[in-house]
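Notes follow once the structure below has been shown.
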Amino acid sequence: MNIDFFFQYLVAGITYGTIYAIVAIGFNIIYNTTGIINFAQGEFVMLGGMISVALHAFVPLPAAILAAVILTMMIGAIIEILFIRWLANPSVLRMIIITIGISILVRETALHIWGAGVRALPYFTGSEVSAISVGDVHVSPQVLWVIGISAVTVTGLNLFFGRTLPGRQMRACASNRNAARLCGINAKNMVTLSFVLSAGIGALAGCVVSPITYIQYDSGTPLAIKGFTVAILGGLGNSMAAVAAGLILGVLESFSIWIMPTAYKDVISISILLLILFVRPSGLFGNKEAAGLKEF
Amino acid sequence: MRVFKMLAVFLAIALVTVSPVLAAETIKIGAILAVTGPAAFLGAPEAKTLEMLVDDINKHGGVKGKKIELIIKDSGASPEKALSFAKQLIEEEKVFAIIGPSTSGETMKIKSVAEEGKTILLSCAAAEVIVNPVAKYVFKTPQKDSHAVARIFEQLKKQGISKVGVLSSNTGFGKAGKEQIEKLAPEHGITIAVNEVYDKAASDLTAEVTKLKAANVGALINWSIEPAQAIVIKNARQIGLNVPIFQSHGFGNIEYVKAAGAAAEGVIFPAGRLLVADTLPKGHAQKSVLLKYKKDYETKFKEDASTFGGHAYDALMIMVKAIETAGTDREKARTAIENIKGFVGTGGVFTFSPQDHNGLDVNSFEMLTVKNGKFVVLADGEKKAEKKDVKKKK
């Protein structure tokens, strides 16, 4: 143990945390509208990364990212329309199985299109070795990009769900679908919209984290597992909480590496997660009453 | 009706008795390779290499007048799948020999199955335990972990480093390498200050390298075959851990160098000579074999040849050579492999014996480094230059 490295571990933890958080945000949107967890969320992240890398061979970075996000949004819409929209009254279990199926389908398709190699976008600023240093603490500029983009996304989403009509319509569908329909809200369109939004945010996450983590056809699932954990820890449906929970989990992991062998990292973080959930089953920042209204 | 029944019985008997005769006209060789999945960078070039070679051999009349029938099974690097494929190949297909699996974990899972089924297994995986202790029917073509570790330790000694930090992934390959490092460190006078195992799907390893930095190690040794081996060098450089970085022979894939970009510069690792075939001196025993394989592979598949495809090349060619000497009797072919001496392959010059089922010595590894995004031999001059460089940074 050496206190000098406290801040370096903290920064490492923040790096882990922001990666988890930006993936977790996507889970919350579909949950907010449909009350289900989309297990294909990790695949949106993978698709965003893969498509942007493929496009970056032809167009500059911002254009490639924008196009990847738009394309993934379209894929999200197509998936919802093909697999989910026509279900009359889907049970939660059925939706979970469908989304797991979609995730396998997307992953295998990606394998056939891109093969199994690892890819990454270039660092948005600087290179693989550059770091912003404050004293003896170093952080990759890409981490700042991830934090910045997470912040912008969360703020944007809060404004969208709180202030705009479609956002409020989406929340209405989540609270009570039948009542929302009686008010003249097209619930089916709202679900499609939520898939489009979460696909877009997933894709954006895939683009910004790919220089750090690399992307290959099957990297969606491990990212989604951590993202899912964080979404639950924060309290489902709350994007701000997801970011906070992501940072908490990331920092916990990093400090556990500091004092224990790395192999115990997940044991420690998951034990703490379980403890928190025993005390607060609706998540750290979740609303117990709101959670009680949901099916899942 | 009765006639039909009798006819059916007759046909069935005829089929049963005829099929072994049919099978005898081809030599069935099975291959269990991780064509997809996390170890696809091993399995995919291996499968392509085998297909290319078998096509070529069959076009030229086969081995001893018999065509090779290649059956490739994609295990996706899953030991469980490898096990069921091994049983299928041995019991149902009754293959002459099996090439693969690509990874050490899978190979260890099927080692006993091959042994019980008396089927020759030519593994393309690296771990020492595959051939140590020796199993009668199990061989392997990649160089041994212990040789890789020994070469790294020799290099450390040359650079005057004795305190190292070791990182490895939680896979069969990582575990086997870690064991060899721990085993060989004392006799080379190397102290392991930090010894960490990370998850194979790790997305960032900043905390792990921070631990190394805190322990003030003289070098970082990383042992893995996942993208993590590119991530770890980036993270090390980002936090300013400017010590020499050593990787395993799993780093011999230019894709990871591209992925790690500037961070990959100066990484030192042991590897087969395929990666530097062009720069070998003219009289080098392996040069012509390497250049031919490289050229054939690269013209056919339009991608860089890797040492991993070379392991499959060696496995098949050793099998072919054994069949050429001993014919298609499995027992005789097995003994023939043990008697192969001075066989020039892509991994090195193979000399097998009943005690040595790998056939390669420590010199089959060359120490390579990355310079301007390319693999080059770590020449003596560069070693000195690099040492100075490191000192300057300190």
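The values are calculated or read from the model by the stated rules, or taken from the named source; none is laboratory data. Note that this is a predicted model, so its numbers are computed, not measured. Don't worry about glycine lacking a Cβ; one is built from the backbone with ideal geometry, like all the others, and counts go over all protein chains shown. All accessible areas refer to the heavy atoms of the entire protein, side chains included, with ligands and DNA or RNA removed. Shrake-Rupley method; radii C 1.70, N 1.55, O 1.52, S 1.80 Å.
Things worth noting here:
- Residue check for B:Ala125: outside the structural domain of B:Phe173 (by TED's automatic domain parsing), part of a loop (DSSP other than H, G, I, E, B), over 22 Å from B:Ile27 (Cβ atoms) and touching a strand residue (DSSP E or B) at 6+ places or on another chain (Cβ under 7 Å): yes
- From B:Leu42, B:Leu121, B:Leu50, residue being within 14 Å of chain A (Cβ to nearest Cβ), within 15 Å of the chain's Cα centre (by Cα) and hydrophobic (A, V, I, L, M, F, W, C): B:Leu42
- Flag if B:Gly347 is part of a loop (DSSP other than H, G, I, E, B) and under 26 Å from B:Ala40 (Cβ atoms): yes
- Residue within segment A:8-19 that is open to solvent by 40 Å² or more (accessible area, probe 1.4 Å), of a type outside the set (Gly, Ala, Ser), within 14 Å of chain B (Cβ to nearest Cβ) and under 28 Å from A:Pro141 (Cα atoms) present: yes
- Candidates are the residues of segment A:110-145 that are at the interface with chain B (Cβ under 9 Å from one of its Cβ atoms), among the aliphatic types (A, V, I, L, M) and farther than 19 Å from B:Lys211 by Cβ; the one that is surrounded by the most Cβ atoms within 10 Å (Cβ to Cβ) is A:Ala120.
- Restricting segment A:250-263 to residues that are hydroxyl-bearing (Ser, Thr, Tyr) and at pLDDT 85 or above, the residue that is nearest to B:Val209 (Cα to Cα) is A:Ser254.
- Yes/no for B:Ile90 being open to solvent by 20 Å² or more (accessible area, probe 1.4 Å), among the β-branched types (Val, Ile, Thr) and part of a helix (DSSP H, G or I): yes
- Elements of the type helices (runs of 4 or more DSSP H) sitting completely within segment A:138-223 and holding at least 2 residues that are in contact (Cβ under 8 Å) with a residue 60 or more places away in the chain: these cover A:141-163, A:165-175, A:187-213.
- Among residues of segment A:39-63, those that are in a loop (DSSP other than H, G, I, E, B) and without any contact (Cβ under 8 Å) to a residue 12 or more places away in the chain, counted: 4
- Index of the failed condition, B:Ser169 passing every other in (1) within 30 Å of B:Lys87 (Cβ to Cβ); (2) of a type outside the set (Phe, Trp, Tyr); (3) away from chain A (no Cβ under 14 Å): (3)
- Check on B:Leu33, under 17 Å from the mean Cα position of the chain (by Cα), open to solvent by less than 30 Å² (accessible area, probe 1.4 Å) and at pLDDT 90 or above: yes
- Options A:Ile22, A:Ile36, A:Ile51, A:Ile29; residue that is at pLDDT below 90, under 17 Å from A:Val209 (Cβ atoms) and buried (at least 22 other Cβ atoms within 10 Å of the Cβ): A:Ile22
- Note on segment B:209-230: among residues that are open to solvent by less than 10 Å² (accessible area, probe 1.4 Å) and assigned to a helix (DSSP H, G or I), the one that is nearest to the other protein chains (Cβ to nearest Cβ) is B:Thr210.
- Selection within segment B:174-202 - open to solvent by 10 Å² or more (accessible area, probe 1.4 Å), in a loop (DSSP other than H, G, I, E, B) and away from chain A (no Cβ under 14 Å): B:Gly189, B:Ile190
- From the list A:Phe255, A:Phe285, the one residue that fits, being over 13 Å from A:Val23 (Cα atoms), over 16 Å from the mean Cα position of the chain (by Cα) and not in a helix (DSSP H, G or I), is A:Phe285.
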